[in-house]
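To keep things clear, I will list the structure first and then write my remarks on it.
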Amino acid sequence: MTLASSLDASRTSSLLSRYQQLLEISMQLNSTLDLASLLRKIISAAKDLTNTEAASIMLLDPASGELRFEIASNINPHEMEKIVVPMEGSIAGWIVTHGEPRVIEDVSKEPGWSRRVDDTIEFHTRNLLGVPMRTHTKVIGCLQAVNKLEGATFEEDDITTLTVLASQAAIAIENARLFQQSDFIAEMVHELRTPLAALKASTVLLLRPDLPANRSQDIIQTMQNETERLIRLTSEFLDLARLESGRTRLDLTRFDLGDLIRESIDVVLPQAHAKDVSIGVDGNKYTVTADRGKVKQVLLNLLTNAIKYNREHGRITVHLQAVGSGDKPFVQVAVQDTGFGISKEHQKHMFEKFFRVADTAGFTQGTGLGLAIAKHIIEAHGGQITLESEPGVGSTFAITLPVATR
Ligand SMILES: Nc1ncnc2c1ncn2[C@@H]1O[C@H](COP(=O)(O)OP(=O)(O)OP(=O)(O)O)[C@@H](O)[C@H]1O
Ligand SMILES: [Mg+2]
């Protein structure tokens, strides 16, 4: 056997083993619908297949048109949240826009390379291979393998394997997302069943010939309550579905935030009185540019939560203050309560839809959609919603909104 043909043979066998690996991974990907574990499998496969130090996935956020890290083997999730990669002028943006792979042999010589990410995460990127993540219809992001090990350079085989992996991964991610949506529908139908069952039982009772006359009034009252709950549920579902699909338009006007806060407090005052919870406001006057109706919806949910999950004779304070600086000033509204508080573990899930803390879910009504809706609304305004809480002491939910410019 000549040297050339033996080299060929070893290359063929290493290629075959790569394809074997790729096949196994793609089968695994197709059987996983949990997005987080899916992402972990993809980057670990990307590293293995290309023999590199690190790998990451950036996905396109359709709302902002920017790229965000979904997962990276060399960045912790906390740091990842802070990094936004623009489509214009970045390497990943180029890959997504052109739908083509790219090898950067030496990032220090690359004009589109931003050191910002490396500086943030204290990592030294030498070289990288990035490929588009393409579904049947579009490019959803970019898969990158970083720093080829043992001083090697990226080869044609690396590009081919990573490209195949990226398309498998893109389809698996899309499937997982669709599954999440169908999950939403399942949960929604489940929530609707309880009031519907109560209504059905009420009509059966009402139709009984032997029903004592004085009972019918109570049953009709129950029917009215359950009907109201159905109306509230369906409108919350619709709100969230619209917000999630990005079909919600904000109706921006200038208004005084303090006025809106007082107006919202008036709505919840009877509920607060019933529990002897007092509500106070402090802070200056701020004019904001925002969707008044939607911000009111957020404030009502925060205030209602602060009452529902408060103790008897508790207190709620609403603090208004300016935050941030520079050309984009924001105002923060913090709703502070003296309620049960929320454990660190539960805080992580607070803004997920349908999430309710089991201890409190038993004795208060709710769907667990209020905060998920609030997060969408505030982020659509360019603001943020945050939470600080200590179990047994209380919680503070804070939102920020852009101050109106003259
Ligand atoms: N201020 C608070 N103190 C303690 N727990 C809270 C507070 N606010 C929210 N929670 C917890 O977070 C969960 C989710 O709140 P969220 O407002 O999303 O839903 P909800 O109040 O249950 O229902 P709704 O959709 O009617 O608002 C609540 O069920 C409760 O367990
Ligand atoms: Mg609520």
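The values are calculated or read from the model by the stated rules, or taken from the named source; none is laboratory data. Note that this is a predicted model, so its numbers are computed, not measured. Cβ: placed from backbone, ideal geometry, glycine included. Neighbour counts: every protein chain shown.
Can you find even one residue in the range 336-345 that is touching a residue at least 40 places away in the same chain (Cβ under 8 Å) and either touching a helix residue (DSSP H, G or I) at 6+ places or on another chain (Cβ under 6 Å) or closer than 23 Å to ALA63 by Cβ (or both)? Write out each step before concluding.
From the range 336-345, those touching a residue at least 40 places away in the same chain (Cβ under 8 Å) are 336-343; that's our starting set.
Among the residues that remain, those that are also either touching a helix residue (DSSP H, G or I) at 6+ places or on another chain (Cβ under 6 Å) or closer than 23 Å to ALA63 by Cβ (or both) are: 337.
Yes: one or more hits.
What's the total number of residues in the range 44-89 that are among the charged types (D, E, K, R), closer than 25 Å to LEU243 by Cα and without any contact (Cβ under 8 Å) to a residue 24 or more places away in the chain?
4
Restricting to the range 389-406, give me the number of residues that are assigned to a strand (DSSP E or B) and within 16 Å of VAL357 (Cβ to Cβ).
Qualifying residue count, the range 389-406: 5.
Considering VAL288, VAL281, VAL267, which residue is touching a strand residue (DSSP E or B) at 6+ places or on another chain (Cβ under 6 Å), without any contact (Cβ under 8 Å) to a residue 40 or more places away in the chain and not hydroxyl-bearing (Ser, Thr, Tyr)?
VAL281
Could you please give the count of residues in the range 258-311 that are in a helix (DSSP H, G or I), touching an Asp or Glu at 6+ places or on another chain (Cβ under 7 Å) and either acidic (Asp, Glu) or outside the structural domain of ILE378 (by TED's automatic domain parsing) (or both)?
Matching residues across the range 258-311 total 0.
Residues to consider are ASP327, ASP337; find the one that is within 8 Å of ligand 1 (Cβ to nearest atom) and of a type in the set (Asp, Glu).
ASP337
For the range 1-117, give me every one of the helices (runs of 4 or more DSSP H) that falls completely inside it and has 3 or more residues that are surrounded by fewer than 19 Cβ atoms within 10 Å (Cβ to Cβ) and modelled with pLDDT under 80.
3-30, 77-82
Run down GLU236, GLU174 and say which single residue is surrounded by 11 or more Cβ atoms within 10 Å (Cβ to Cβ) and out of contact with any helix residue (DSSP H, G or I) (no Cβ under 8 Å at 6 or more places or on another chain).
One residue alone meets the criteria, GLU174.
Only one of (1) away from ligand 2 (no atom under 16 Å from the Cβ); (2) more than 22 Å from the chain's Cα centre (by Cα) is not met by HIS381, so which one is it?
HIS381 satisfies every listed condition except (2).
Yes or no, residue by residue, for (1) assigned to a loop (DSSP other than H, G, I, E, B); (2) surrounded by 15 or more Cβ atoms within 10 Å (Cβ to Cβ); (3) more than 13 Å from ligand 1 (Cβ to nearest atom):
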{"site": "VAL318", "(1), (2), (3)": "no, yes, no"}
{"site": "VAL331", "(1), (2), (3)": "no, yes, yes"}
{"site": "HIS346", "(1), (2), (3)": "no, yes, no"}
{"site": "PHE355", "(1), (2), (3)": "yes, yes, no"}
{"site": "ALA374", "(1), (2), (3)": "no, yes, no"}
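Search the range 337-372 for residues being near ligand 2 (Cβ under 10 Å from one of its atoms) and hydroxyl-bearing (Ser, Thr, Tyr), and hand back the single one that is modelled with the lowest pLDDT.
Among residues in the range 337-372 that are near ligand 2 (Cβ under 10 Å from one of its atoms) and hydroxyl-bearing (Ser, Thr, Tyr), the one modelled with the lowest pLDDT is THR364.
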